[in-house]
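Colleague: One structure is given below, represented as structure tokens, and several questions about it will come after.
The values are calculated or read from the model by the stated rules, or taken from the named source; none is laboratory data. Model, not experiment: these values are computed from the prediction. Cβ placement follows ideal geometry from the backbone for every residue including glycine, while neighbour counts extend to all protein chains displayed. To get the accessible areas, we keep the full protein, side chains included, count just its heavy atoms, and leave off ligands, DNA and RNA. Shrake-Rupley method; radii C 1.70, N 1.55, O 1.52, S 1.80 Å.
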Amino acid sequence: MVLPEAETTSGHGGELEDLAVSGPLDANELEDEGDKGHLHFNPWLALREGSPLAAVAGEVFASIPQPAITPGRKHRSDAVERRRLAVFTVVANLVALCLDPLGRLGLAVPLEKRSVTRYDRREVSPDAIATAIHAVHVLGLVSVVPGVRHKTASTLAVVESFRRHLECNGVTMRDVIQAPGAESILLRPRREAQGPRTRKLLDYPDDAASLGMRADMARINGAINDADLRLDGLPVPPTHLVRIFQAGANPAWSLHGRLYRGLWLDMPRSQRHRLTLGGQPLADLDFSAMFTRLAYVKAGVAFPEDEDPYAVEGLEAYR
């Protein structure tokens with residue numbers, strides 16, 4: 001397949017008004033939106049160096065005209081690199097959509113303009129992503145379904161010819177990796193009783209607790225991504241689990257803190273049998289006070305069979 005020639009001389013689409021990509025909508029809000037049928041854009045996806053996908057992404061980038069500049073001047077190398085990185089990030093997401101083991105059909109893309117926080121990938125701005133999306137749309141690689149402003153993001157779908165091009169070039173999910181640096185310890189405002197649920201993420205200063213938890217998450221995510229986890233025998237996308245807390249005092253990391261964003265968490269229980277690890281089926285153990293029982297075992301303390309296992313002296317408020 002030869003990529004079609006772009007129809008623009010600038011290589012960018014301004015604010016993407018012609019694609020009707022709606023905003024503002026925070027990327028971090030998407031995970032809890034009612035639209036569970038879409039894959040959510042991940043700005044931290046990248047390409048494995050030297051992979052077949054890297055070659056395809058290079059072909060896509062080379063097909064995009066560079067922005068017009070004053071005759072006689074050269075394009076700044078740092079600007080070219082930012083555009084290249086944005087295009088590669090978009091292509092990585094499109095591949096994740098094409099090879100999505102859950103079969104989701106659209107890629108939801110928020111493009112809100114806002115201040116950069118610890119949760120953002122600073123090398124890939126929303127403007128750069130918008131420009132890259134416009135470019136791949138003009139190249140005829142994707143179609144766009146407009147969203148509703150302030151409510152839902154627009155969604156991208158990969159055209160069949162580009163799907164075939166990826167397949168013919170031997171592109172697999174193993175070609176897509178998670179770029180380093182994505183935050184794994186997330187903080188949200190505390191939800192007031194009976195109040196509306198907020199999805200806004202808060203910035204915070206690191207302390208010993210957050211640094212320790214982030215190091216733990218790095219080990220957990222590293223172990224999962226190094227394992228041979230598959231769905232129906234096919235490699236799964238890169239995993240980046242996060243812990244989400246509600247803000248306490250300063251903050252006190254004691255409110256909530258559960259894990260999110262694992263592929264298996266989006267799967268109905270009846271479908272999780274499709275997962276394998278190292279070619280072996282998985283079993284999900286879930287019994288009364290399981291994690292508390294494991295904590296007693298780790299501490300070398302006998303489990304109180306006739307008492308409330310959560311009644312730990314000094315921790316009564318943390319059941």
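Colleague: Here's a check for you: in region 169-184, which residue that is touching a Phe, Trp or Tyr at 6+ places or on another chain (Cβ under 7 Å) and either part of a helix (DSSP H, G or I) or small (Gly, Ala, Ser) (or both) is nearest to residue 119 (Cα to Cα)?
Modeller: Step one: list which residues in region 169-184 are touching a Phe, Trp or Tyr at 6+ places or on another chain (Cβ under 7 Å), which gives 178-179, 182-183.
With the extra rule that they be either part of a helix (DSSP H, G or I) or small (Gly, Ala, Ser) (or both), the set shrinks to 179, 182.
On the way: 179: 13, 182: 7 Å.
Once the filter is applied, the top-ranked residue is 182.
Colleague: Follow-up. Mind listing whichever residues of region 63-95 are part of a loop (DSSP other than H, G, I, E, B), under 29 Å from residue 106 (Cβ atoms) and of a type outside the set (Val, Ile, Thr)? Break it down stepwise before answering.
Modeller: Within region 63-95, the subset part of a loop (DSSP other than H, G, I, E, B) is 63-76.
Those still in the list that are under 29 Å from residue 106 (Cβ atoms) too: 63-65, 67.
The answer is 63, 65, 67.
Colleague: Any idea how many residues of region 211-223 are closer than 21 Å to residue 274 by Cα and open to solvent by 40 Å² or more (accessible area, probe 1.4 Å)?
Modeller: Start the filter on region 211-223 by keeping residues that are closer than 21 Å to residue 274 by Cα, which leaves 221, 223.
If we keep only those that are open to solvent by 40 Å² or more (accessible area, probe 1.4 Å) too, we end up with 223.
So the answer is 1.
Colleague: Still on this model: I need the full set of residues from region 80-114 which are over 17 Å from residue 135 (Cα atoms) and charged (D, E, K, R), in order please.
Modeller: Those that are over 17 Å from residue 135 (Cα atoms) and charged (D, E, K, R): 100, 104, 112, 113, 114.
Colleague: A further question follows. Take residue 275 and decide whether it is touching a residue at least 40 places away in the same chain (Cβ under 8 Å), open to solvent by less than 70 Å² (accessible area, probe 1.4 Å) and over 22 Å from the mean Cα position of the chain (by Cα).
Modeller: Working: touching a residue at least 40 places away in the same chain (Cβ under 8 Å): yes; open to solvent by less than 70 Å² (accessible area, probe 1.4 Å): yes; over 22 Å from the mean Cα position of the chain (by Cα): no.
It is false that residue 275 is touching a residue at least 40 places away in the same chain (Cβ under 8 Å), open to solvent by less than 70 Å² (accessible area, probe 1.4 Å) and over 22 Å from the mean Cα position of the chain (by Cα).
Colleague: Name, by its number, the condition in (1) out of contact with any Ser or Thr (no Cβ under 9 Å at 6 or more places or on another chain); (2) in a helix (DSSP H, G or I) that does not hold for residue 129.
Modeller: All conditions pass for residue 129, except number (1).
Colleague: If I go through region 292-319 residue by residue, how many of them are among the hydroxyl-bearing types (Ser, Thr, Tyr) and modelled with pLDDT of 80 or more? Don't jump to the end; show me each part of the working.
Modeller: Initial filter on region 292-319 (among the hydroxyl-bearing types (Ser, Thr, Tyr)): 292, 296, 310, 318.
This time we only want the ones that are modelled with pLDDT of 80 or more, so: 292, 296.
Total meeting the criteria: 2.
Colleague: Follow-up question, since we're still on this one. Would you mind finding the one in 188, 174 that is open to solvent by 80 Å² or more (accessible area, probe 1.4 Å) and touching a strand residue (DSSP E or B) at 6+ places or on another chain (Cβ under 9 Å)? Explain how you work it out, then say what you get.
Modeller: Values: 188 fails: open to solvent by 80 Å² or more (accessible area, probe 1.4 Å).
Within the list 188, 174, the selection yields 174.
Colleague: Could you tell me whether residue 226 is of a type outside the set (S, T, N, Q), without any contact (Cβ under 8 Å) to a residue 60 or more places away in the chain and either open to solvent by 30 Å² or more (accessible area, probe 1.4 Å) or under 27 Å from residue 101 (Cα atoms) (or both)? Step through it out loud before you land on a result.
Modeller: Values: of a type outside the set (S, T, N, Q): yes; without any contact (Cβ under 8 Å) to a residue 60 or more places away in the chain: yes; either open to solvent by 30 Å² or more (accessible area, probe 1.4 Å) or under 27 Å from residue 101 (Cα atoms) (or both): yes.
The answer is yes for residue 226.
Colleague: Here's a follow-up. Anything in region 243-270 that is exposed (fewer than 12 other Cβ atoms within 10 Å of the Cβ) and part of a helix (DSSP H, G or I)? List them, or say none.
Modeller: Passing the criteria: 265, 269, 270.
Colleague: If residue 235 meets every condition in (1) over 19 Å from residue 41 (Cβ atoms); (2) open to solvent by less than 20 Å² (accessible area, probe 1.4 Å); (3) of a type outside the set (Val, Ile, Thr); (4) touching a helix residue (DSSP H, G or I) at 6+ places or on another chain (Cβ under 7 Å) apart from one, which number is that one?
Modeller: Just one mismatch for residue 235, condition (2).
Colleague: Turning to a different aspect of this structure: Between a first residue in region 96-111 that is closer than 16 Å to residue 238 by Cα and a second residue that is among the basic types (Lys, Arg) and in a helix (DSSP H, G or I), which pairs have beta carbons less than 9 Å apart while being 6 or more apart in sequence or on different chains?
Modeller: Hits for this filter: 98/163; 101/274.
Colleague: To continue, here is another question. Can you tell which of 273, 240 is within 26 Å of residue 48 (Cα to Cα) and either touching a strand residue (DSSP E or B) at 6+ places or on another chain (Cβ under 7 Å) or assigned to a loop (DSSP other than H, G, I, E, B) (or both)?
Modeller: Result: 240 is the single residue among 273, 240 that is within 26 Å of residue 48 (Cα to Cα) and either touching a strand residue (DSSP E or B) at 6+ places or on another chain (Cβ under 7 Å) or assigned to a loop (DSSP other than H, G, I, E, B) (or both).
Colleague: Here is a follow-up. So which of 166, 201 ends up being open to solvent by less than 40 Å² (accessible area, probe 1.4 Å), closer than 29 Å to residue 118 by Cβ and among the aliphatic types (A, V, I, L, M)? Walk me through how you get there before you give the answer.
Modeller: On the way: 166 fails: closer than 29 Å to residue 118 by Cβ.
Residue meeting the stated conditions: 201.
Colleague: What residue, of 128, 86, is modelled with pLDDT of 95 or more, touching a helix residue (DSSP H, G or I) at 6+ places or on another chain (Cβ under 8 Å) and small (Gly, Ala, Ser)? Walk me through how you get there before you give the answer.
Modeller: Numbers: 128 fails: modelled with pLDDT of 95 or more.
After applying the criteria, what remains is 86.
Colleague: Does residue 40 satisfy being more than 17 Å from residue 170 (Cα to Cα), without any contact (Cβ under 8 Å) to a residue 40 or more places away in the chain, open to solvent by 30 Å² or more (accessible area, probe 1.4 Å) and not acidic (Asp, Glu)? Steps first, answer last, please.
Modeller: Values: more than 17 Å from residue 170 (Cα to Cα): yes; without any contact (Cβ under 8 Å) to a residue 40 or more places away in the chain: no; open to solvent by 30 Å² or more (accessible area, probe 1.4 Å): yes; not acidic (Asp, Glu): yes.
Judged against the criteria, residue 40 is not a match.
Colleague: Would you mind stating whether residue 164 is in contact (Cβ under 8 Å) with a residue 60 or more places away in the chain and part of a loop (DSSP other than H, G, I, E, B)? Even if it seems obvious, please write down each step before you answer.
Modeller: Values: in contact (Cβ under 8 Å) with a residue 60 or more places away in the chain: yes; part of a loop (DSSP other than H, G, I, E, B): no.
Answer is no for this residue.
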